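Take a look at the structure set out below.
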Amino acid sequence: MHDIDALRAELDTLNESLVELIARRQEVVRSIGKAKLRSDRPTRDFAREREVLDATRAHARRLGVRPDLAAELMSALIRG
């Protein structure tokens, strides 16, 4: 049972890290949005979003993660 407790503790740490990364990503997205507004650029860049999703799928494949799962998570982050 001790091994399960240790693994669960590690999983809890990973979960917290994921949320921290999401929060940091949102900060960067807000900064990009502000910069785009200052330079009169559209806030949505569909070509860039497609690049991000394609790169996410490719990276997931390399890591043995389901590409559709990774892309779905990233899509949710993109949509905000």
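The values are calculated or read from the model by the stated rules, or taken from the named source; none is laboratory data. Computed from a predicted model, the values in this text were never measured in an experiment. We place every Cβ from the backbone using ideal geometry, glycine too, and count neighbours over all the protein chains shown. Accessible surface is based on the protein model in full, side chains and every heavy atom, while ligands, DNA and RNA are left aside. Shrake-Rupley method; radii C 1.70, N 1.55, O 1.52, S 1.80 Å.
Could you look through region 1-41, keep only residues that are of a type in the set (Asp, Glu) and assigned to a helix (DSSP H, G or I), and pick out the one that is farthest from the chain's Cα centre (by Cα)? The qualifying residue farthest from the chain's Cα centre (by Cα) is Asp3. Looking only at residues that are closer than 22 Å to Ala23 by Cβ and of a type in the set (D, E, K, R) in region 46-79, which one is least open to solvent (accessible area, probe 1.4 Å)? Within region 46-79, the match that is least open to solvent (accessible area, probe 1.4 Å) is Glu49. Regarding Asp40, is this residue over 20 Å from Glu72 (Cα atoms) and among the acidic types (Asp, Glu)? Taking the combined requirement at face value, the residue satisfies it.
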